[in-house]
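Sharing a structure, written as structure tokens. Questions coming.
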Amino acid sequence: MLIKAVAAIIEDKNGNILISQRMSHQFMPDYWELPGGKIEPGESSLQAAKRELKEELSIDVKELKIIKTINQSYSDRDVQIEIVKIDQYFGDPIGQEGQRIKWLDIDSILNLKILPTMRPILNLLRLPKIFWITPEQESKEEVLEDVIEVKKNNDVNIIQFRSKIKTNNLYLSNFIEICKQYNVQLILNTIDKSFDEDVQGWHLTSQELMSTDTRPCPPSKILGASVHNMSELEKANEVGVDYVFISPIKETKSHPGVMPLSSKEIKKLMRATNIPAYFLGGLSRDQMEDCEKMGAHGIAGITAI
């Protein structure tokens, strides 16, 4: 049985998101979710969102747009959810049907008992479109300088620190402090990561991913993984990562002779997950729109800035 529904992202002036708790008589009672509901026959998703939010929260929606479609399978039903962003509404939201509602930041929501569809939706909101990866350089000081220049000249606010050799703790501490100073989220992709470092998250290589059985960090932290095929993507779904790097999209100098994924392979991968995906491999900013049309959340790379 396929159920089509709509869920709405409503933010306050502080960036907090409105969530509601499912009632005891509903499917998956007591779980927290975005407000919304089923799309009735003959309704568009936008019409359904306006109706549901009027009924549930007593607000009048004026401006909204669709940002993503999420698919979720349960034992007895399949659910297709259109995610809409509410840009303007009138009225003060109240639990019109007796449901509890809260305004919370993303980290606080992730620590609640939330529906399975909530995590990928929240990750869409907290993850930017451009994901910069540090280059392999002989001079560590050059990398630190690059971080400063990237932040000054671009809108990059998430960086993956990648190192294939043992990490120098003093250097890493300096790197962390610079990222804090420039308000940059730092993700570690190092061979000796402990998952205790004072950073926003960690990245698993495809080899690390395939040998991981459970999520190695709390839900408020960001966990990513590199995937190149369907079995790795299925493992990413199982572990519960927050984003994936899908590669290679194009042939690159760093991986000569490695065949890029075909458009057919990319489409198949994108249909198999709700996890926000960054395309990686020979891409630049001006190809963002093409990548988004194929389902990517954004692009990643050393030169994709």
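Bear in mind these aren't lab numbers, they're just calculated from the coordinates by the rules spelled out. Values in this document were obtained by computation on a predicted structure and should not be read as measured data. Neighbour counts run over all protein chains shown; Cβ positions are idealised from the backbone, glycine included.
Order 295-302, 213-220 from most to least packed using the mean count of other Cβ atoms within 10 Å.
On the way: 295-302: 21.9, 213-220: 12.6.
Descending packing order for the listed peptides: 295-302, 213-220.
Based only on other Cβ atoms within 10 Å, what is the fewest-to-most ordering of TRP202, TRP32? Don't skip to the answer; put the middle values down first.
Numbers: TRP202 24, TRP32 18.
Lowest count first: TRP32, TRP202.
For LYS180, go through the lysines and keep the ones whose alpha-carbon is under 16 Å away, minus same-chain ones fewer than eight residues off.
Cα-Cα hits under 16 Å: LYS151, LYS152, LYS221.
So what is the relative contact order for the chain, in percent, with contacts set as C-alpha pairs under 8 Å and at least six apart?
Values: 579 pairs, mean separation 41.2, N = 305.
It comes to 14 percent, rounded to a whole number.
Something else: Within segment 48-76, find all residues whose amide N lies under 15 Å from a label point positioned 7 Å from the Cα of GLN88 along Cα-to-beta-carbon.
60-65
Taking the Cα atoms of the chain, report the difference between the largest and smallest coordinate on each principal axis, in whole Å and largest first.
61, 41, 37
Further, regarding this structure: Could you work out the relative contact order of segment 2-118, using alpha carbon pairs under 8 angstrom and six or more residues apart, expressed as a whole percent?
Working: 239 pairs, mean separation 40.4, N = 117.
Relative contact order here is 35 percent.
When DSSP assigns beta bridges and you keep just the ones with both residues in segment 2-118, what percent turn out antiparallel, to the nearest 5? Intermediate results must be reported in sequence, preceding the final value.
Working: 22 of 31 bridges.
Bridges in segment 2-118 that DSSP calls antiparallel: roughly 70 percent.
Would you pull out the residues with amide H under 5 Å of ILE222's amide H, same chain only if 5 or more places away, H placed 1.01 Å from N?
The list, which skips near neighbours in sequence, is GLY201, TRP202.
Looking only at the chain, where both bridge partners belong to it, what percent of the DSSP beta bridges are antiparallel (to the nearest 5)? Could you put the intermediate results ahead of the total?
Values: 22 of 58 bridges.
If we restrict to bridges inside the chain, about 40 percent are antiparallel.
Can you order the peptides 39-46, 269-276 by their average number of other Cβ atoms within 10 Å per residue, highest first? Intermediate results must be reported in sequence, preceding the final value.
Values: 39-46: 13.8, 269-276: 18.4.
Ranking, from highest mean packing down: 269-276, 39-46.
If you take the square roots of the eigenvalues of the alpha-carbon gyration tensor of segment 2-118 and sort them as a ≥ b ≥ c, do you get rounded (a/c under 1.5), prolate (a/b over b/c) or oblate?
Values: a/c = 1.41, a/b = 1.09, b/c = 1.29.
The shape class here is rounded.
Beyond 20 Å between alpha-carbons counts as too far, so tell me which of LYS38/LYS85; LYS54/LYS129; LYS164/LYS193; LYS85/LYS268 fall in that bin.
Numbers: LYS38/LYS85 17 Å; LYS54/LYS129 32 Å; LYS164/LYS193 11 Å; LYS85/LYS268 27 Å.
The answer is LYS54/LYS129; LYS85/LYS268.
Any idea how far the Cα center of segment 1-64 sits from the one of segment 169-219, in Å?
Rounded to whole Å, the Cα centres lie 35 Å apart.
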